[in-house]
1. To the nearest 20 debye, what charge dipole does segment 1-151 have about its Cα centre, counting +1 at the Cβ of each Lys and Arg and -1 at the Cβ of each Asp and Glu?
2. Using only alpha carbon pairs under 8 Å that are at least six residues apart, calculate the relative contact order of the chain and give it in whole percent.
3. Any aspartates and glutamates with Cα under 20 Å of the LYS94 Cα? List them, leaving off those in the same chain fewer than 8 positions away.
4. Direction-averaged shadow area of the convex hull around the Cα atoms of the chain, nm²?
5. Counting only helical runs of four or more DSSP H residues, what would the 222 nm mean residue ellipticity of the chain come to if each run contributes -39,500 (n - 2.57) and the total is spread over all its residues?
6. Averaged per residue, what accessible surface does segment 1-140 expose to a 1.4 Å probe, in Å²?
7. Helix 31-44: angle to the longest alpha-carbon principal axis of the chain, degrees 0 to 90, nearest 10?
8. Name the residue, out of LEU28, LEU20, LEU143, whose mean-square fluctuation peaks in a Gaussian network model built on the chain with Cα pairs under 10 Å.
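The values are calculated or read from the model by the stated rules, or taken from the named source; none is laboratory data. These figures come from a predicted structure and were not determined experimentally. Every residue, glycine as well, gets a Cβ built from its backbone with ideal geometry; the counts of neighbours run over all protein chains shown. Calculation scope for accessible area: heavy atoms of the full protein, side chains included, ligands and nucleic acids excluded. Shrake-Rupley method; radii C 1.70, N 1.55, O 1.52, S 1.80 Å.
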Amino acid sequence: IDGDNPMSLVDNLRNLPLYLTQGEHDSLVDITHSRRMVETLKKLSFTFKFDEIKDENHWIYFDNACYEASLDWFDKYRRDLFPRLITYTTYSPKYGKAYWVEIKELKEWGKPADIRAEVKTNNVIEVKTKNVAALSVKFPKSLLDPARPVVLQWNNEKVFGGNWQSQA
């Protein structure tokens, strides 16, 4: 069930804007779920907008105004293809790719696999994982100094050090 619960996957939104809209009196989806998500997003300082439509039900989506408002809001954002910090959770390697990192294999099936990857100063890439048996890191060239070697650390262990430009 957790794999279908948006709260268990909220870290995946770190580098993406999110627009939530829901009718105040939604009879199919309890409004408290959206309100709880909003509180979580606030605590994480993620970029989002929440429109709770007063006196409306679930059927607000039949009105084009919902779509127009969200598209207008999204229009001011552009996706960063190479964020310095990535946090990502998945329950399957099939959905394991996030920007320049990929979870290739889980240690234990049915449990979440978490990754936190960050490009630090001095060409150090620090990767911390839980329940990950294998991963792939595609060095984000735009975040690295080509004149310096790169160091890749996985769970506090150095797994690569050297000329990163020769890596395919």
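1. I would put it at about 1160 debye.
2. 17 percent
3. In chain and number order, the partners are ASP2, ASP4, ASP11, GLU102, GLU105, GLU108, ASP114.
4. About 11.8 nm², averaged over all directions.
5. Calculated at 222 nm, the ellipticity per residue is -4500 deg cm²/dmol.
6. 62 Å²
7. Helix 31-44 sits roughly 30 degrees off the main axis of the chain.
8. Sorting by GNM fluctuation, first place goes to LEU28.
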